[in-house]
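The values are calculated or read from the model by the stated rules, or taken from the named source; none is laboratory data. Just so you know, these numbers come straight off a predicted model, no measurement behind them. As a convention, Cβ positions derive from the backbone with ideal geometry for all residues, glycine included, and neighbour counts pool all protein chains shown.
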Amino acid sequence: MPWWAEALIGLGVAILATWLALLVALLLARPKGPLLQEAVRLLPDLLRLLRRLAADASLPRGVRWRLAALLVYLAFPIDLVPDFIPVLGYADDAIVVSLVLRSTVRRAGIGAVRAHWPGTEDGFRALTRLTGIGSGGRAGASS
């Protein structure tokens, strides 16, 4: 077998192994029980929140880049996990949003997320439960 064929097979196996590892990580990080339903209910407010945070020039540049990349990922028609896979197919977007929001709170504080939240107070409490950001953030950030 030519060396380039072996290299292509090796690359394919590496990509498949990476995808499977990501799938396992998403399974472990997925919201449990009613949190997934809350994530779906919050989707319109979450999208407005992400857009507002990405446009906020007072946030660190790295945070804004992550948020902009997340918006591009959400708009992209191809998901990490195809939608036909039960539970995870639709949950991967919620999981990725949760991870990016946790990262945003660590760098910018819960106050930045709270200041840009477009929804109701109940929706914000659901967001903090979903993402686990209720106690996170920098010192001095209000919740």
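Here are the numbers for this structure:
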item: Any hit, the range 67-82, residues being free of Cβ contacts under 8 Å to residues at least 40 places away in the same chain, in contact with a Lys or Arg (Cβ under 8 Å, 6 or more places away or on another chain), under 25 Å from A25 (Cα atoms) and surrounded by 15 or more Cβ atoms within 10 Å (Cβ to Cβ); result: yes
item: Criterion: aliphatic (A, V, I, L, M), surrounded by 19 or more Cβ atoms within 10 Å (Cβ to Cβ), modelled with pLDDT under 85 and assigned to a loop (DSSP other than H, G, I, E, B) - qualifying residue of I133, I95; result: I133
item: Some residue of the range 86-96 being more than 18 Å from I133 (Cα to Cα) and without any contact (Cβ under 8 Å) to a residue 40 or more places away in the chain; result: yes
item: Some residue of the range 4-14 being surrounded by 10 or more Cβ atoms within 10 Å (Cβ to Cβ), modelled with pLDDT of 85 or more and among the aromatic types (F, W, Y); result: no
item: Evaluation of S58 against (1) in a helix (DSSP H, G or I); (2) exposed (fewer than 15 other Cβ atoms within 10 Å of the Cβ); (3) at pLDDT 85 or above (one fails), failing number; result: (1)
item: Residue within the range 33-55 that is closer than 28 Å to V113 by Cβ, polar (S, T, N, Q) and at pLDDT 80 or above present; result: no
